[in-house]
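One structure is given here, and the rest of the page talks about it.
The values are calculated or read from the model by the stated rules, or taken from the named source; none is laboratory data. What you are looking at is a predicted structure, and each value in this text was computed from that prediction instead of being measured. All Cβ positions, glycine included, derive from the backbone under ideal geometry; neighbour counts span all protein chains shown. We work out accessible area using only protein heavy atoms, side chains counted, and drop any ligands, DNA or RNA first. Shrake-Rupley method; radii C 1.70, N 1.55, O 1.52, S 1.80 Å.
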Amino acid sequence: MRRRVPATSATPRARRTRAAGFTLLEVMIALLLATIGLLGTVAVQQTMFNATANANDAAIATRLATQALEEFSARTVRIGLDQLATEVSPDWTDVKYLNAAGGRNPTKTPEFRFKRETWVVDQGATNPYAVSVRVTYDLDNGSAKTIRVDQQRRKTW
């Protein structure tokens, strides 16, 4: 004799169809995890943008310092005509605020934010000039960053 199953108890097949799909709680947890992952990606991307901007500023500052050294190298230094002697100073001088293209301004503004200073030292009649250029600018966090480039300029006499 076959045993009859009451209508209220579910068969394994019926149980499977009721358990199929996702509950609202599972969907909400999945969305929360996806949101946390997305926020992490955005934070990493923001950090990369800041690092790129700081690297760009460092490249501009280095170029501006090198440009000043090239200007000093173009001056004649020989007997009877020493164009670098007028630039000799006891300390950092010639403060200029520059923009990224090298344009000059007497005061600091958001566009003219690279401060360039020079220092030329005459080390004696038979020794070369010591030429130093430093460019200071602000990083994203507000702290100052300085790029310094030094060079010796030989005298031809």
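Selection of segment 73-114 for residues being under 19 Å from Ala125 (Cβ atoms) and either under 21 Å from the mean Cα position of the chain (by Cα) or in a helix (DSSP H, G or I) (or both) yields Ala85, Thr86, Glu87.
Note on segment 112-144: among residues that are loosely packed, with under 14 Cβ neighbours inside 10 Å and in contact (Cβ under 8 Å) with a residue 40 or more places away in the chain, the one that is nearest to Leu64 (Cα to Cα) is Leu139.
Before we move on, is Leu98 modelled with pLDDT under 95, touching a strand residue (DSSP E or B) at 6+ places or on another chain (Cβ under 7 Å) and surrounded by 12 or more Cβ atoms within 10 Å (Cβ to Cβ)? So Leu98 does not fit the description; no. Checking every residue in segment 137-150 against the condition of being farther than 30 Å from Phe49 by Cβ and more than 23 Å from the chain's Cα centre (by Cα) gives zero matches. Between Thr76, Thr109, the distinction of being farther than 30 Å from Asp140 by Cβ and open to solvent by less than 50 Å² (accessible area, probe 1.4 Å) belongs to Thr76 only.
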